[in-house]
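Visitor: Shown below is the structure under consideration.
The values are calculated or read from the model by the stated rules, or taken from the named source; none is laboratory data. What you see is a predicted model; the values in this text were computed from it and never measured. We place every Cβ from the backbone using ideal geometry, glycine too, and count neighbours over all the protein chains shown. SASA here: full protein model, heavy atoms, side chains in, ligands and nucleic acids out. Shrake-Rupley method; radii C 1.70, N 1.55, O 1.52, S 1.80 Å.
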Amino acid sequence: MSGTAVVIGASGGIGAALEEALRDEGAFDTVYGFARSRSGDRHIDLEDEASIAAAAAIVAKGAAPTLVIVATGVLHADGQGPEKTMRELDAAWLARTYAINTIGPALVAKHFLPLMTKGQRGVFAALSARVGSIADNKLGGWYGYRASKAALNMMIRTLAIEERRRNERSIVVGLHPGTVDTALSKPFQGNVQAGHLFDAGRAAVQLLDVIDGLKVPDSGKVFAWDGAEVPA
């Protein structure tokens, strides 16, 4: 696979591993990594659309991207975490969760999908989560994270429908990486089954393998690290 690959959130555990794996594999001529913690023309903040537009403008100066991965997300921050009961619901925290997990990736799609060449296979993937599956929700709790990832999945489905009208070979998907040993999952790793906690490097390779196997009819769906479709 040649062309340009873009990783949004390249300073996070999974994002950094994805950027490294893409560079190591050498399948792309150019690999861009953008992150909130990076400065200059590699800075991006999903809560600032102007920075997203600026990142897209940088990529637009070169070859059209054929792969864009949004490897961002928030589960806990600044003393806030996933809600166990409705009593813990907080408007400001819910709004921030949606801003990063749902609205941010959608705005990335707004600015990056038009850069992909018509008539050419292009993949836009955003990290989702199995807990965003409404059908799979048997335990409750984690209101904001579940709801924001479910909303992301709807964004993915809707983007896929519109993008197919522009480019019939375009693929827009969500990816569930499993439980990965990163700062995001660290407080919640105690109940993970043996063999189901992945290091970031392995998770990145697994996700790239899933991406490589995607077909046009897969657009609009969410897939887990093992290639299995996650129910809506």
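Visitor: Give the percent of DSSP beta bridges with both residues in the chain that are antiparallel, rounded to the nearest 5. It would help to have the intermediate numbers written out before the result.
Guide: Values: 2 of 28 bridges.
The answer is about 5 percent antiparallel.
Visitor: Next up: Using mean Cβ contacts within 10 Å as the protection proxy, how do 152-158, 48-54 order, highest first?
Guide: Values: 152-158: 20.3, 48-54: 15.0.
Highest-to-lowest ranking by the protection proxy: 152-158, 48-54.
Visitor: Per residue of the chain, what 222 nm ellipticity follows from adding -39500 (n - 2.57) for every DSSP H run with n ≥ 4, rounded to the nearest 500? Walk me through the numbers on the way to the answer.
Guide: Working: 6 runs with 79 residues, N = 232.
Using -39500 (n - 2.57) per qualifying helix, the result is -11000 deg cm²/dmol.
Visitor: Just want to confirm a number: the relative contact order over the chain, from Cα pairs under 8 angstrom separated by 6+ residues, in percent.
Guide: Numbers: 444 pairs, mean separation 46.2, N = 232.
Relative contact order of the chain: 20 percent.
Visitor: Here is a follow-up. Tell me the accessible surface of ILE8 in square angstrom (1.4 angstrom probe, heavy atoms of protein chains only), to the nearest ten.
Guide: Rounded to the nearest 10, that gives 0 Å².
Visitor: Sticking with this one: Which three numbers, in whole Å and largest first, are the semi-axes of the equivalent ellipsoid of the chain derived from its Cα gyration tensor as √(5λ)? Mind showing how you got there, number by number?
Guide: Details: eigenvalues 141, 71, 65 Å².
Each semi-axis is √(5λ); the values are 27, 19, 18 Å.
Visitor: Under the definition of Cα pairs under 8 Å and six or more residues apart, what whole-number percent is the relative contact order of the range 61-174?
Guide: Values: 159 pairs, mean separation 40.5, N = 114.
Reported as a whole number, the value is 36 percent.
Visitor: A further question follows. Please report the spacing between the Cα centers of the range 200-232 and the range 102-181 in Å, no decimals.
Guide: Here the answer is 11 Å between Cα centres.
Visitor: What three numbers, in Å, describe the spread of the alpha carbons of the range 1-90 along their principal axes, ordered from the longest?
Guide: Projected onto its principal axes, the Cα set of the range 1-90 covers 50, 28, 20 Å.
Visitor: Taking Cα pairs under 8 Å and at least six residues apart, what relative contact order does the range 1-131 come out at, in percent? Display every interim value, and only then the final one.
Guide: On the way: 193 pairs, mean separation 35.7, N = 131.
Answer for the range 1-131 is 27 percent.
Visitor: I've got another one for you. Along the Cα→Cβ direction, 7 angstrom out, place labels at GLU47 and MET86. What is the inter-label distance in nm?
Guide: 2.8
Visitor: Give the cross-link partners of LYS110 among the lysines, using a straight C-alpha distance below 24 Å as the criterion and excluding same-chain residues fewer than 8 apart.
Guide: Partners within reach: LYS61, LYS118, LYS149, LYS215, LYS221.
Visitor: Spelling out what I want: for every residue of the range 22-32, take phi, set θ = phi - 60°, compute 6.51 cos²θ - 1.76 cosθ + 1.60 (Karplus), and round to whole Hz; glycine and proline get x.
Guide: Using θ = phi - 60°, the values come out as 5, 5, 5, 5, x, 7, 10, 5, 9, 10, 9 Hz.
Visitor: With all protein chains present, calculate the accessible area of VAL131 using a 1.4 Å probe and round the result to the nearest 10 Å².
Guide: 50
Visitor: Okay, moving on. Might you tell me the accessible area per residue for the chain, computed with a 1.4 Å probe and given in Å²? Before the final figure, lay out each step's value.
Guide: Working: 10890 Å² over 232 residues.
With all protein chains present, the chain gives 47 Å² per residue.
Visitor: Out of every Cα pair in the range 45-91, what percent are spaced more than 17 Å from each other?
Guide: Beyond 17 Å sits 57 percent of the P(r) for the range 45-91.
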